[in-house]
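The values are calculated or read from the model by the stated rules, or taken from the named source; none is laboratory data. A quick note: this is a predicted structure, and the numbers were derived from the prediction, not measured. Using ideal geometry, Cβ is built from the backbone for each residue, glycine included, and neighbour counts are taken over all protein chains shown.
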Amino acid sequence: MWANNVDINKNSQTFSEAESSASKEAVYAKGLDELGYIINFSAADKISEQYRTVVEDAVQSALRRFPGEIHSIYVYGSVPQGTAVPGKSDLDVSALLYDEPTDARESEFAEIAQGVVARHPIITKLDYDIGGLSLATSPEQRYG
């Protein structure tokens, strides 16, 4: 269906043996696993059949509009967690561009989103969060 080219779900936080279980529980509550990595509750196989065409449309529309400009696309939120409610849930998509996004690119992604929503009333809106690869993979963006 689509491929992720970057694993952005990892971070460098880990626990030492001396740390208390209370500290670990606090981190789990933040959505981190026992090693301090972000827990990813999303998976392609959790996307219900009724949402697969919407996700495909959102991904392919962006790839067609910006050939060679998109490094990777990530779908997150209720749709890939399998908890979306038809007519009430939105679709959340992050797109990493090879270059930093411009205001013009932001506007073009908004146009794509309007078209996808018009074709798929099962979603209430489509949010494309776009960013540049260099910033997203910079050391400042690491958790912890």
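Run down A95, A3, A29 and say which single residue is of a type in the set (A, V, I, L, M, F, W, C) and at pLDDT 95 or above.
Of A95, A3, A29, the one residue that is of a type in the set (A, V, I, L, M, F, W, C) and at pLDDT 95 or above is A95.
Collect the residues in region 89-144 that are of a type in the set (A, V, I, L, M), part of a helix (DSSP H, G or I), free of Cβ contacts under 8 Å to residues at least 60 places away in the same chain and crowded, with 16+ Cβ neighbours inside 10 Å, keeping them in residue-number order.
I112, A113, V117
Pick from I70, I38, I8: which is modelled with pLDDT under 90, closer than 25 Å to P101 by Cα, surrounded by 14 or more Cβ atoms within 10 Å (Cβ to Cβ) and within 15 Å of the chain's Cα centre (by Cα)?
The conditions single out I8.
Would it be correct to say that D57 is under 30 Å from P121 (Cβ atoms), modelled with pLDDT of 85 or more and either among the aromatic types (F, W, Y) or not in a helix (DSSP H, G or I) (or both)?
No; evaluated as a whole, the condition is false for this residue.
Which number in (1) without any contact (Cβ under 8 Å) to a residue 60 or more places away in the chain; (2) within 20 Å of P121 (Cα to Cα); (3) in contact with a helix residue (DSSP H, G or I) (Cβ under 8 Å, 6 or more places away or on another chain) marks the one condition that A62 misses?
With respect to (1) without any contact (Cβ under 8 Å) to a residue 60 or more places away in the chain; (2) within 20 Å of P121 (Cα to Cα); (3) in contact with a helix residue (DSSP H, G or I) (Cβ under 8 Å, 6 or more places away or on another chain), A62 is out only on (1).
When you go through (1) under 16 Å from D129 (Cβ atoms); (2) of a type outside the set (K, R); (3) loosely packed, with under 15 Cβ neighbours inside 10 Å one by one for P86, which number turns out not to apply?
Only one criterion is unmet by P86, namely (1).
Specify the residue that is nearest to the chain's Cα centre (by Cα); the eligible residues are those in region 41-54 that are surrounded by fewer than 17 Cβ atoms within 10 Å (Cβ to Cβ) and part of a helix (DSSP H, G or I).
The selected residue is A44.
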